[in-house]
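Laboratory data are not the source of any read-out in this text; all were calculated from the coordinates shown. This is a predicted model, so every value here is computed, not measured. Backbone-built Cβ (ideal geometry, glycine too); neighbour counts: all protein chains shown.
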């Protein structure tokens, strides 16, 4: 009887472990809702992306690994900014992070890449952001080419950007 | 029989074998990190090669898009069915910390009658760790790993302290939360020298979970019902709060095996039934 119970739960457990959902997205079309939810002024992400591939990063000033990758992003923006649209999406929830916090931080650090403010958390919701930093590399036709949860090192960043442009 | 502390040492070393991390303070983020270790070993420990199951559980339910941690549940169930609380006694690094601290030669507080009821406090921790992140999501719109963030001394000891020591810029970011968790850790460390495994017995949600499955688990200490005369000798000698060897409090340390007058206690082996005891 005990062995049967163990077997039953073991089968269940194996099922859970291996059939659990893989997080976020694969090479599917980028969520459409996000394309209207994030705003900088009156613009929407879709309007900002235009015809170019999109580098979409979710970050916040209170997140150490996010801050660590910013210098790489600044460099990459300088090099690829004309061919890829960079959108550094800050999780501006108004409590932990306000637009003032972000603007002060950017001025202090001297970062000039484009930043947008996900004030309604719509972008974060659409892209299933549960941990930051997370970066999505979107092709020009709106598909998610790849994504990375956690800080991006310089090598991987440049490799993914090159692949986006192929 | 292999010495328990040797197995504990090896398990701790294996779970924290990321040597570059110990030198640079950078966390390992390779493929192994998506596998949970069975014990309480913080993901943010610079040496950690695997993920903490309790942390992973909460992490899945954190952020703005909480997910049910099916994968973590699967692993937790597999660990529980295989070893039950033998994990606590043999594999958990934080358990090893407590065993070692208890060896420090200071006055000891042995088992008292108020200790067994105190083990129910683990339910509070289980709710906090198990549902807290989702409750935070319902209330604030963003899930937060409450147990990790506000309570876990293992995370403080294995994660925060080494990281702050290796990377001074993190230390500069420390504030009231760090002080709070530091205080919790300090109290725990002192308690651990005086009382045997206070965290395991009174606070650990993981031990509570494994305890549910302890009697069913394939490996671990078990009592041969036919030989047991219910003398209570095993409960007396038990350093945890077991009422009989192999129950939900038992961490399979094996101390009771030689204490049993009818040799009814042994380490269960898969597929074998313990045969008889001493003929009366």
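Compute the separation of the alpha-carbon centres of segment B:33-102 and segment B:180-253 and state it in Å as a whole number.
Here the answer is 18 Å between Cα centres.
With a ≥ b ≥ c the root eigenvalues of the C-alpha gyration tensor of segment B:28-89, is it rounded (a/c under 1.5), prolate (a/b larger than b/c) or oblate?
In terms of gyration-tensor shape, oblate.
Spin-label point model (7 Å from Cα, Cβ direction): what's the residue B:179 to residue B:68 distance in nm?
So the label points at residue B:179 and residue B:68 sit 4.2 nm apart.
First check a/c for chain B, with a ≥ b ≥ c the square roots of the eigenvalues of its C-alpha gyration tensor; if it is under 1.5, answer rounded, and if not, answer prolate when a/b is larger than b/c or oblate otherwise.
prolate
For chain B, set up a GNM with springs between Cα atoms under 10 Å and report which of B:233, B:197, B:215 has the largest fluctuation.
Among B:233, B:197, B:215, the largest mean-square fluctuation in the Gaussian network model of chain B belongs to B:233.
Assuming R0 = 56 Å, what is the FRET efficiency of residue B:216 and residue A:154, from their Cβ-Cβ distance, to the nearest 0.05?
That pair, residue B:216 with residue A:154, gives E of 0.65.
Can you pull a Stokes-Einstein diffusion coefficient for the protein assembly as shown at 37 °C (0.692 mPa s), Rh from Kirkwood over Cα pairs, as a whole number of µm²/s?
136
Can you bin segment B:1-60 into rounded, prolate or oblate? Criterion: square roots of the alpha carbon gyration tensor eigenvalues sorted a ≥ b ≥ c, rounded for a/c under 1.5, prolate for a/b above b/c, oblate for the rest.
oblate
If I model segment B:213-267 as equal point scatterers sitting on the Cα atoms and use the Debye formula, what is log10 I(q)/I(0) at q = 0.13, 0.20 Å⁻¹?
Ignoring solvent entirely, the Cα scatterers give -0.24, -0.58.
Mind giving me the FRET efficiency for residue A:143 and residue B:100? R0 is 45 Å, r the Cβ-Cβ distance, nearest 0.05 is fine.
The calculated FRET efficiency here is 0.25.
What nm distance separates the two modelled labels at residue B:170 and residue A:103, each placed 7 Å from Cα along Cα→Cβ?
Here the modelled spin labels are 3.3 nm apart.
As a test of the formula, what do you get for the protein assembly as shown when each DSSP H run with n ≥ 4 contributes -39,500 (n - 2.57) and the sum is divided by the residue count, at 222 nm and rounded to the nearest 500 deg cm²/dmol?
-13000 deg cm²/dmol
Given 25 °C and 0.890 mPa s, compute D for segment B:138-280 with the Stokes-Einstein relation, Rh being the Kirkwood radius over Cα pairs; round to the nearest whole µm²/s.
Diffusion coefficient, whole number: 135 µm²/s.
Pairing the Cα long axis of helix B:4-15 with the longest principal axis of chain B, what angle in degrees results, from 0 to 90 and rounded to the nearest 10?
That helix lies at roughly 20 degrees to the long axis.
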